[in-house]
Amino acid sequence: MGLLGDAFVYLCAAVIAVPIANRLGLGSVLGYLIAGVVIGPILGIVGKETADVQHFAEFGVVMMLFLVGLELRPAILWKMRQQLIGLGGLQVVGTTAVFTGIGYLFGLSWQSAVALGMILALSSTAIVLQTLNEKGWMKTQGGQSSFSVLLTQDIAVIPMLAVLPLLAAGNGIGHDEAHGSDSHGDAAAHGGEALASLPGWAQALIILAVIAAIIIAGRHLLRPVFRFIAEARLREIFTATALLLVIGIALLMDFVGLSPALGTFLAGVVLSDSDYRHELEADIEPFKGLLLGLFFLTVGAGIDFGLLFGAPLTIFGLAVGLLSVKFALLFALGTIFKLKGADRWLFALGLAQAGEFAFVLFGFAAGSGVLETGILQTMTLVVAISMVLTPALFIFYEKVVAPRAVATSDREPDKIDSRGRVVVAGMGRFGQIVSRMLLTSGYDVVILDHDPQTIDNLSRIGIRTFYGDATRPDLLHGAGLEDADLFIAAVDDRDKQTLMVEHVAKTYPRVKILARARDRHHVYELENAGAHYAEREVFEGALALGRRAFTELGRHPFRARTKAQEFRHHDLAMLDDLRANYNDGGVDTSYIDAMRAHSDTLFEIMRVDRGDERHERTERGWNPPPKGDATL
């Protein structure tokens, strides 16, 4: 099968598997891995070319580090120095030491044990960063800590590449024996041979000069170049320039024997405050996504099921052991560096696998003669399986750990020693606005929230908030809900919000319930659960912005106000009319038909006075509304 045939197979597998995996909540990474297993070991459509494609696809990791660098200004990196050196450094050194000891106990020479320990200390930058960004966890403390460790690991690849040949010198494994029939032997032709004949001090000077050249060129040369290219107003040339930059830096770093990912990361950091940062991101992102997807496909397609089925207990036992040991070490490091609750679990579960750089280092180790062929074949499969299992660990975190993080928090719920006519559950963006309106108007309000940071911030401005999970019946009872007149449900989690409303409606039937809803369907769910009134969280804000958009487009403020009122009245009428067509299982044909009919009516309503727009700027302002007017 030729190049076009291979490309068709890989793309077809991705297009079919990834949307299905996302629909099932498995994530895109697991979708790619499963697709690779199907077209490779199961159906045998792809095979021998997988290793070559994987070397090409690894360039997706290089592009990803460039994009990560674009998001990080040098000042941010300086603020992260404690995590990079402390947390990241301890992870690499500690994990290497533990796996070195385990390898030595299993009969490896100390040189081979150290080599294997260094390689297994690395985690998958591609899988972890892709998942953190996809799930929106990158900004959490656990996500930031994971990124710090991954960045330290990528930097640590450089000394690892330098140490592996030194370990091989006294290992006693013949070069031919190490090479054997290993599929990664070709990877030994790693960059840096051009400097091999130079003394160590000369190599170090050249490497430092290359890094300095990247930084200086990024700050003083690349910006004028991008400005010149941008003035040509040819999008494809700007894209070509961005790719030329990334590929050129990768080649330069590989030439001197350094990690291409590190070089492109440095270039990204240097360009992070450039005027063309967003344009570079937009141009590189599609290539990065496709290449990373291709990389995950090749990992799945490259699994040797013959070796796996020959010793399944051994292979899976080693993979599970690898995940378990790294999880324990990472969990301990998270505790030392004061990660708590869900953040500590995210950090430990997310980095427990081995990484894609292991395949590169295994090839380098094969060429250097530091690891035997049998060990390389077995551990390559173990690394691949650990990566395949990683999405399942993220699913476990998302479905099991995260929902219970509040309930299992080390902090005990506060003792609620006040009572009020109103109880508010949840102090996010929505709950804070409602609470401030009531408090400043003189009402006694009891406020509940489960985020310690939010509670501390509110206490600084004089808003007393009690810590605890508002979905717990005992906490609601302790808040004096049986004596309250009004309960405002403003919890972020949609499902918890609905269950909480249902509990309050059944247990405290006298209390009026006002609830925050995510969308129209959530309004219906909350009403069915017992809410007396549900407000969509973004509806009124979006309506106000739409009204402002009318005025910016030239409509008179009075006309803009009228149009906003007409839209609001129609949407509320549609909310009432569609209620009869909605059911808990979703929407059916009758719902869609009713939705279309209302949409057609809205077009007619909003376009009635469209021909008068040219006169609107000259109309006089309107008089204040009469007393008692409660319109928008």
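The values are calculated or read from the model by the stated rules, or taken from the named source; none is laboratory data. What you are looking at is a predicted structure, and each value in this text was computed from that prediction instead of being measured. Backbone-built Cβ (ideal geometry, glycine too); neighbour counts: all protein chains shown. Heads up: the accessible areas ignore ligands, DNA and RNA and are worked out on the full protein's heavy atoms, side chains in. Shrake-Rupley method; radii C 1.70, N 1.55, O 1.52, S 1.80 Å.
Counting 0.36 nm for each residue step from Phe255 to Asp576 and taking away their Cα separation leaves a gain of 108.8 nm. Of the residues Thr562, Tyr104, Leu3, the one whose Cα sits farthest towards the positive end of the charge dipole of the chain is Thr562 (charges of +1 on Lys and Arg Cβ, -1 on Asp and Glu Cβ, taken about the Cα centre). Restricting the stretch 1-100 to GluC sites (Glu not before Pro) that sit in a DSSP loop and have at most 15 other Cβ atoms within 10 Å of their own Cβ leaves Glu49, Glu71.
If the limit is 29 Å between Cα atoms, which of Lys399/Lys512; Lys340/Lys399; Lys506/Lys563 go over it?
Going by Cα-Cα distance, Lys399/Lys512; Lys506/Lys563 fall outside the 29 Å limit.
For a modelled paramagnetic label at Asp444, 7 Å from Cα along Cα-to-Cβ, the residues of the stretch 466-488 in reach, with backbone nitrogen under 14 Å, are 479-486.
Approximating the spin labels as points 7 Å out from Cα along Cα→Cβ, the Val400-to-Ile42 distance works out to 2.4 nm.
Site pair Asp417 and Glu540 shows an inter-label distance of 3.4 nm when each label is modelled 7 Å from Cα along Cα→Cβ.
What is the extension gain from Arg510 to His569, computed as 0.36 nm multiplied by their sequence separation minus the C-alpha to C-alpha distance, in nm to one decimal?
That pair, Arg510 and His569, stretches by 18.3 nm at full extension.
In this structure the chain gives 49 Å² per residue of accessible area when probed at 1.4 Å with all protein chains present. Match the structure shown to one of the listed values (1) 1.17; (2) 0.96; (3) 1.22 of Cα Rg over 2.2 N^0.38 Å, computed from it, and give that label. It is the value labelled (1).
Against the chain, whose longest principal axis comes from its Cα atoms, helix 494-507 is set at around 40 degrees. The angle separating the long axis of helix 89-105 from the principal Cα axis of greatest extent in the chain is about 50 degrees.
Answer rounded, prolate or oblate for the stretch 375-529, using the Cα gyration tensor with square roots of eigenvalues a ≥ b ≥ c: rounded when a/c is under 1.5, else prolate when a/b is larger than b/c, else oblate. Verdict is prolate for the stretch 375-529. Pop out the carbon and sulfur fraction of the accessible area of the chain as a percent, whole number, probe 1.4 Å. C and S fraction of accessible area: 62 percent. With the cut-off at under 18 Å, measuring from each backbone N in the stretch 503-542 to a point 7 Å along the Cα-to-Cβ line of Glu482 picks out 503-512.
Treating the beta-carbon of each Lys and Arg as +1 and of each Asp and Glu as -1, no other charges, what is the dipole magnitude of the chain about its Cα centre, to the nearest 20 debye? List each step's numbers first, then the result.
Working: 53 positive and 65 negative charges, 375 e Å.
Magnitude of the dipole: close to 1800 debye.
At R0 = 60 Å, how high is the FRET efficiency between Leu3 and Tyr104 if r is their beta carbon distance? Nearest 0.05 is fine. Calculated value: 0.85. Provide the solvent-accessible area of Ser418, counting protein heavy atoms only and rolling a 1.4 Å probe, rounded to the nearest 10 Å². Roughly 30 Å² of Ser418 is accessible to a 1.4 Å probe.
Each Cα pair under 8 Å and six or more residues apart adds its separation to the average, and for the chain the resulting relative contact order is 15 percent.
With a Förster radius of 41 Å applied to the C-beta separation of Leu72 and Arg23, the computed FRET efficiency comes to 0.80. Placing +1 on each Lys and Arg Cβ and -1 on each Asp and Glu Cβ, with no other charges, gives the stretch 412-561 a dipole about its Cα centre of roughly 900 debye. Helix content alone sets the calculated 222 nm mean residue ellipticity of the chain: runs of n ≥ 4 DSSP H residues at -39500 (n - 2.57) each, divided across all residues, give -20500 deg cm²/dmol.
Angle of helix 200-220 to the longest C-alpha principal axis of the chain, folded into 0 to 90 degrees and rounded to 10: 30°. Note on Ile461 and Lys135: the model spin-label points, each 7 Å out from Cα along the C-beta direction, lie 3.1 nm apart. For Ala97 and Glu49, what does the FRET efficiency come to when R0 = 41 Å and r is the distance between their Cβ atoms, rounded to the nearest 0.05? Once the sixth-power term is evaluated, E becomes 0.60.
Summary of packing: across the peptides 523-530, 225-232, the per-residue average of other C-beta atoms within 10 Å ranks them, highest first, as 523-530, 225-232.
Multiplying the residue separation of Lys338 and Ile237 by 0.36 nm and removing their Cα-Cα distance gives an extension gain of 31.6 nm.
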